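Trainee: Input: one structure, supplied below.
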Amino acid sequence: MKRILLTASLVALTAVPALAARDQIRIVGSSTVYPFTTAVAEQFGKTSGMKTPVVEATGTGGGLKLFCAGLGEDKPDFANASRPIKKAEFETCVKNGVTEIVELEIGFDGLSVAQSKDAKPLSLTKEQLFRALAKNIPDKDGKLIPNPNKTWKDVDASLPDVKIEVLGPPPTSGTRDSFAELALEAGALKIPAMADLKKSDAKAFEAVWKSIREDGAYVEAGENDNLIVQKLVANPAALGIFGFSFVEQNANAIVDIPIDGVQATYETIADGSYKLSRPLFIYAKNQHVGKIPGIVEFIAEYVSDKAIGPDGYLAAKGLVTLPGAEADKTRAVAKNMTVLTAADVK
Amino acid sequence: MTEVRNDLVAKRYAAERRFRFYGATALALTALFLAILLTDTVIKGIPAFHETSVELDVKVDPAEVDPNNPVGGNYDKMIKEAFRAEFPAVEGRTNQRALTALLSSGGADALRGMVVADPSIIGKTVTVPVLLSADADMFLKGMLTSQTVAPGTAALHIARLDGEEGFVLTGDKTGEEAEKELGLAPRDVVRFKGGALRVTGVENGYLKAVPVLATDPAVTTVGPGQWDIVSFSVPESNRRINDNQALWLDELKQEGRIENSFSWRFFEAGDSREPELAGIRGALVGSLLTVLVAIALALPLGIAAAIYLEEFAPKNKWTDVIEVNINNLAAVPSIIFGLLGLAVFLNFFGLPRSAPLVGGLVLALLVLPTIIIASRAALKAVPPSITEAALGVGASKQQAVFQHVLPLALPGIMTGTILGLARAFGETAPLLMIGMVAFIADIPSGFTSAATVLPVQVFLWSDLPELAFRSKTAAAIIVLLVVLFALNAAAIYLRKRFERRW
């Protein structure tokens, strides 16, 4: 009897996929782009008369993996990404038949190092961040030693005598990858011994800036940035690593620390003078146009002035918008649905 | 004769008292933690159950609505115009934007509903509640800054400086003495009929101020009691409501136009990126559909498996292996079931992503071991004399089980099932893999439409940057807890009502 039940349920399962064609856009990818894409999806659902797209937060890597798995109704139409698509991912896409990918840059995300409002204001350089947070740092002779710095004063005599304690995202997070790349790699390159190491042994150099210390100075505080805000308020001596929009929304509790003397603001991120920032993308499947309804209209909504424009609703959600010329470039790509070629991917 | 060792007796009593004390302490600590957790959640969540709107007199402009298609009218424009008309002194694009930013982007919904219900009001002026934005809502609930208003006690003289920005405030004295005499501090806002000024501080011996609202240059002297000092605990740069927006909201509040009502929207709306519009209906329906699938599958399978294993299966090596494996399955981390669901249901059977059907299948696998174990325990608790008596009067084994043992074991089975259900209700990890951790604005309409569930909604909201989502998160937790408490209460009731002790 159990066997009959089991077979019956299996038969029932296989019968279900014969469903009506999908009439809803599906989007996967980065949790950094998620707050923006969801806002566009909601507007699109309200104004277009079509179903609101489903937006999943899977992370950039996981999202592109799903996106590149092939064509068809069971595969997503868009992928959110907090970094450009990688060569390997592009090749997977092509191998699985996803040959017409449209890349749209939608804005920037700033990474902020922030502290509690109650703390004494700090100002840091990328090199100081590297010396404070890397697992191994070069000593005076350029030999790598386990990071001996206990307080900020050990890092640089000009900094206060406060224990190093930085709350940040865990290794699974794209934010952490970006932080390591933008702050620690750049900081390491300021040290001559490390610049030499990069030339002689690029792999070893990568291992140096990618390894963040595990002796308690860097505290993995989980993916939830709201939690880090609360911890900073409770412990004014600590610093936290955030997406820029969190610092903006929590301006009553935390303040952003200038990096290399530049404070993170919309202006400094957009014009590139604040270095801890990264471009955000959405990737679209041109081959799904006409098969899944609403793709062209959704893109039009996304690149419209009322969304990614300087006064648009995404700016209100914390997106650092593109400067005029680059926004025009994105709009041109969207209008012509310019397809990404192998030469464009690094 | 044995000697009475009073010292030993005393020691034993002391040990017992200590043990009781430890037990009571443990219990008290647990209760304390639970109380802290619950109070914190409830305090944070309560504001989300109320929403704030402003009463506006809106003219339903026939030029903007087609009576044959009232849904498509431009109601947004109408409410914005009506709101601007309330503050005719507000001029300039930036100020007008700041003003209309106080309204929610879904503020026109109520008006649209009224016109759709009764198109005859087109062309008339109606009074309609317009929802305020989350920032305005939080300000009015006192969550952004605390605000004190004190009447000015001295006469205030206002002068405009020639060739310079801003105003100079004087009482009978000037500069720092004026600051003391008037009771002002930098950042304070001076409000009077005809304008409002923010004190910037003493400069070159003058107490200076900049306009917050458009200020009538004709006003030069304001008598005592004719003006207010409004001060905020959080400086303007650190909150999302500016001084001028705060004053506008104050004005509306004093006119009694601000309405604080229970937020039915929270239970009627789907997810949204605007905190004031977001609701849990979508997640609740998703949870319901998912659990329905799970229970429809897990309950018959679980009970059938339990009856067979307990009553009919031969006791041999194979049934031992099965038993051990069922117990092991109950302890497998739930994410593993998600991976299984991804591999089997999505990739092999090609079922749709994010569907309650798949979520239910995965959760059914998850709670199946719990149900089997609980059902077997319940069957085992029925005394063998019942079966023997039935067999003794000529019933077959099947008759004995289904007509005598199963009815007696049913309360225990139900309790186990409800507890399994409660677990399925609170699960997020396995759903991550099958795409149910997603932004889904539409209310799911069936088992294959995209859906999310309540705990996932809590997780998604907790990660958003907008401050207002914090109370939404807590409110969603409260709803989830209420559902779980209700399920557990049902389990306890069933046990108490029907359970028989032998």
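No lab work stands behind these numbers, since they all come straight from the coordinates. Note that the coordinates shown come from a computational prediction; the quantities given were computed from them, not determined experimentally. Backbone-built Cβ (ideal geometry, glycine too); neighbour counts: all protein chains shown.
Trainee: Using amide H atoms built 1.01 Å from N in the peptide plane, name the residues 5+ places from A:GLY107, or on other chains, whose amide H lies under 5 Å from its own.
Mentor: Those qualifying (amide H under 5 Å, at least 5 residues apart or on another chain) are A:LEU280.
Trainee: Could you tell me how many cubic angstrom of Cα convex hull volume region B:199-338 has per residue?
Mentor: Numbers: hull volume 33.6 nm³, N = 140.
Once divided by residue count, the hull of region B:199-338 is 240 Å³.
Trainee: Quote the FRET efficiency, to the nearest 0.05, computed for B:LEU38 versus B:ASP61 with a Förster distance R0 of 51 Å and r equal to the Cβ-Cβ distance. Don't skip to the end; give the middle numbers.
Mentor: Details: r = 49 Å, r/R0 = 0.97.
E between B:LEU38 and B:ASP61, to the nearest 0.05, is 0.55.
Trainee: In what sequence do B:ASP243, A:ASP118 fall when counting other Cβ within 10 Å, fewest first?
Mentor: Lowest count first: A:ASP118, B:ASP243.
Trainee: Same structure, new question: Read phi for every residue in region B:52-68 and hand back ³J(HN,Hα) as whole Hz from Karplus 6.51 cos²θ - 1.76 cosθ + 1.60, θ = phi - 60°, with x for Gly and Pro.
Mentor: 10, 9, 10, 7, 10, 8, 10, 8, 7, 6, x, 5, 9, 10, 9, x, 7
Trainee: Note down the magnitude of the dipole of region B:48-128 about its Cα centre, charges +1 on Lys and Arg C-beta and -1 on Asp and Glu C-beta and zero elsewhere, to the nearest 20 debye.
Mentor: 200
Trainee: Continuing with this model, one more query. Taking the alpha-carbon set of region B:206-271, what are its Rg and Dmax in Å?
Mentor: Values for region B:206-271 (Cα only, Rg and Dmax): 17.4, 56 Å.
Trainee: Another question, then. List the lysines whose Cα sits under 21 Å from the Cα of A:LYS135, skipping any in the same chain fewer than 8 residues away.
Mentor: Partners within reach: A:LYS126, A:LYS143, A:LYS150, A:LYS153, A:LYS163, A:LYS190, A:LYS198, A:LYS199, A:LYS203, A:LYS210.
Trainee: Over the whole of A:38-47, what's the average partner chain Cβ count within 10 Å per residue? Rounded to a whole number, please. Write down the numbers at each step before the final one.
Mentor: Values: counts 9, 4, 1, 4, 10, 2, 1, 4, 4, 0.
Taking the mean over all residues of the peptide, I get 4.
Trainee: Scaled to the compact-protein estimate 2.2 N^0.38 Å, what is the alpha-carbon radius of gyration of region B:48-128, rounded to two decimal places?
Mentor: Ratio of Cα Rg to 2.2 N^0.38 Å: 1.13.
Trainee: Please name which of B:VAL324, B:PRO151, B:ALA185 has its Cα lying farthest along the dipole of chain B towards the positive end, using unit charges on Cβ (Lys, Arg +1; Asp, Glu -1) and the Cα centre as origin.
Mentor: B:VAL324
Trainee: What value in Å³ per residue do you get for the convex hull of the alpha-carbon atoms in region A:23-62?
Mentor: Numbers: hull volume 1.8 nm³, N = 40.
About 45 Å³ per residue, rounded to a whole number.
Trainee: When the Debye formula is applied to the Cα atoms of the protein assembly as shown, each taken as the same point scatterer, what base-10 log of I(q)/I(0) results at q = 0.06 Å⁻¹?
Mentor: Those come out to -0.53, one per q.
Trainee: Tell me the relative contact order for chain B as a rounded percent, counting alpha carbon contacts under 8 Å between residues six or more apart.
Mentor: About 15 percent, as a whole number.
Trainee: Work out from phi, with θ = phi - 60° and the Karplus expression 6.51 cos²θ - 1.76 cosθ + 1.60, the ³J(HN,Hα) of each residue of region A:107-115, listed in order in whole Hz, and give x for Gly and Pro.
Mentor: x, 10, 10, x, 9, 10, 9, 10, 9
Trainee: For peptide B:340-353, compute the average count of partner chain beta-carbon atoms within 10 Å of each residue's beta-carbon.
Mentor: Numbers: counts 0, 0, 0, 0, 1, 2, 1, 2, 2, 6, 9, 6, 7, 8.
The shielding value for this peptide is 3.
Trainee: Go through A:SER158, B:GLY92, A:LEU129 and say which Cα lies farthest out towards the positive end of the charge dipole of the protein assembly as shown; charges sit on Cβ, +1 for Lys and Arg, -1 for Asp and Glu.
Mentor: Going by the Cα projections, it comes out as A:LEU129.
Trainee: Next question. Which one of A:ASN136, A:ASN250, A:ASN147 has the biggest mean-square fluctuation once chain A is modelled by GNM with Cα springs under 10 Å?
Mentor: The residue with the greatest mean-square fluctuation here is A:ASN250.
Trainee: So how strong a dipole does chain B carry about its Cα centre when Lys and Arg Cβ are +1 and Asp and Glu Cβ are -1, to the nearest 20 debye?
Mentor: Taking the Cα centre of chain B as origin, the dipole is about 2820 debye.
Trainee: Continuing with this model, one more query. Can you give me the Cα centroid spacing of region A:33-105 and region A:303-332 in angstrom?
Mentor: 19
Trainee: Greater than 30 Å separation of Cα atoms is the criterion. Which listed pairs, A:LYS46/A:LYS75; A:LYS86/A:LYS231; B:LYS44/B:LYS253; A:LYS51/A:LYS87; A:LYS140/A:LYS275, meet it? Walk me through the numbers before you get to the answer.
Mentor: Details: A:LYS46/A:LYS75 24 Å; A:LYS86/A:LYS231 35 Å; B:LYS44/B:LYS253 23 Å; A:LYS51/A:LYS87 33 Å; A:LYS140/A:LYS275 27 Å.
Result: A:LYS86/A:LYS231; A:LYS51/A:LYS87 exceed 30 Å.
Trainee: For region B:277-498, what is the relative contact order in percent, using Cα pairs closer than 8 Å and at least 6 residues apart in sequence?
Mentor: Worked out over region B:277-498, it gives 31 percent.
Trainee: For the protein assembly as shown, with the dipole built from +1 on Lys and Arg beta-carbon atoms and -1 on Asp and Glu ones, taken about the Cα centre, which of A:PHE242, A:GLN230, B:PRO356 lies farthest toward the positive end?
Mentor: B:PRO356
Trainee: Over the Cα atoms of chain A, compute the convex hull volume and normalise it per residue, giving Å³.
Mentor: Once divided by residue count, the hull of chain A is 187 Å³.
Trainee: With 20 Å bins from zero, work out the P(r) of chain B over every alpha carbon pair and list the percent per bin.
Mentor: So the P(r) values, bin by bin, are 17, 33, 27, 16, 5, 1.
Trainee: Report, in whole Å, the centroid distance computed from the Cα atoms of region B:151-205 and region B:448-480.
Mentor: So the separation of the two Cα centres works out to 47 Å.
Trainee: Using Cα-only point scatterers and the Debye equation, what is log10 of I(q)/I(0) for region B:147-268 at each q in 0.10, 0.14, 0.17, 0.20 Å⁻¹, rounded to two decimals?
Mentor: With no solvent term, the Cα-only Debye profile gives -0.34, -0.60, -0.84, -1.13.
Trainee: Calculate the dipole size of the protein assembly as shown relative to its Cα centre from +1 charges on Lys and Arg beta carbons and -1 charges on Asp and Glu beta carbons; express the result in debye to the nearest 20. Present the calculation step by step, with values, prior to reporting the outcome.
Mentor: Details: 85 positive and 93 negative charges, 749 e Å.
The dipole of the protein assembly as shown has a size of about 3600 debye.
Trainee: Rounded to the nearest Å, what's the spacing between the alpha carbon centres of region A:129-175 and region B:28-91? Just the number, please.
Mentor: 47
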